[in-house]
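Below: one structure, written as structure tokens.
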Amino acid sequence: MSDGIGHRYGLAAFSGRAGRALAGCGRAALDTLVPPLSPLSPSPADGPGRLEAALWAKLQFLGPPWCAICGFPFPYEAGEGALCGLCAARAPRYDRARSALAYDDSSRPLILSFKHGGRRDALTHFAAWMARAAADTQADVIAPVPLHYLRLVRRRYNQAAILGRALSPLLGVPFDAGLLARRRRTETQAGKSARGRRRNVAGAFAAPERARERLSGRCVLLVDDVMTTGATLEACARTLKRAGAARVEAVTLARVVRAGDAHR
């Protein structure tokens with residue numbers, strides 16, 4: 001196929017209705033012969049993946065009605081501004097948190113293949129879902145939850161930063177990875193209680209001095225992959241507000257929502 005017919009399958013250079021129809025036929029034919037990889041296929045793809053219908057049907061997307069602060073979903077319509085029991089008892093340090101998906105047996109393999117396996121072929125989907133969850137954000141800037149440099153060296157990437165960069169153009173909000181730093185290495189949060197998670201990340205974050213001017217009076221949208229108790233988001237929000245941020249919101253790809261779970 002010559003370079004002069006470039007685009008995805010070498011047919012899009014044809015102009016007009018006939019060209020578009022031919023390009024569509026070409027894509028359909030190639031997809032039949034070589035199906036596009038899904039985010040859970042054995043081999044990774046560099047470009048956007050395709051979710052199988054069976055997987056798509058199992059994903060639990062989150063939306064209203066939910067707690068006005070933490071985004072914990074309600075099973076019934078509770079009215080505008082309604083709070084969950086935990087947020088009513090003690091408001092978290094962040095002003096608002098939203099999540100795109102429930103973190104469960106269906107979404108977990110999809111997310112872990114991205115977080116620990118380096119799979120980015122579903123990133124287009126992830127960013128679109130998160131943009132929907134945070135559509136009415138007041139953010140002036142997007143900041144990822146940072147990794148400690150030793151963990152970053154070992155993993156080679158920060159999944160929160162990858163999500164934040166992809167989300168930025170969809171929301172029209174600039175991305176700034178330098179607003180927060182993790183100043184001490186923490187243990188993994190997995191398996192810890194809500195209190196243990198809060199202790200684990202207490203004092204773990206700092207706002208670099210050079211970032212304080214960029215934070216002053218601004219609304220920051222924190223980005224992370226999964227929210228369990230919200231301890232990490234709270235620790236980050238506390239640091240950002242002490243450094244001058246006027247408001248801190250958060251959006252995650254997924255969150256734990258099982259009945260009885262402490263979600264903060």
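The listed residues are 23, 78, and the only one of them that is at pLDDT below 95, under 30 Å from residue 245 (Cβ atoms) and surrounded by 11 or more Cβ atoms within 10 Å (Cβ to Cβ) turns out to be 78. When the criteria are applied in full, residue 8 fails the requirement of being at pLDDT below 85, outside the structural domain of residue 159 (by TED's automatic domain parsing), assigned to a helix (DSSP H, G or I) and basic (Lys, Arg). Screening segment 151-215 for helices (runs of 4 or more DSSP H) wholly inside it with 1 or more residues that are modelled with pLDDT under 90 returns the ranges 194-201.
The values are calculated or read from the model by the stated rules, or taken from the named source; none is laboratory data. Keep in mind the model is a prediction, meaning the values are calculated, not measured. Cβ coordinates were reconstructed from backbone atoms using ideal geometry, including for glycine residues, and neighbour counts include every protein chain displayed.
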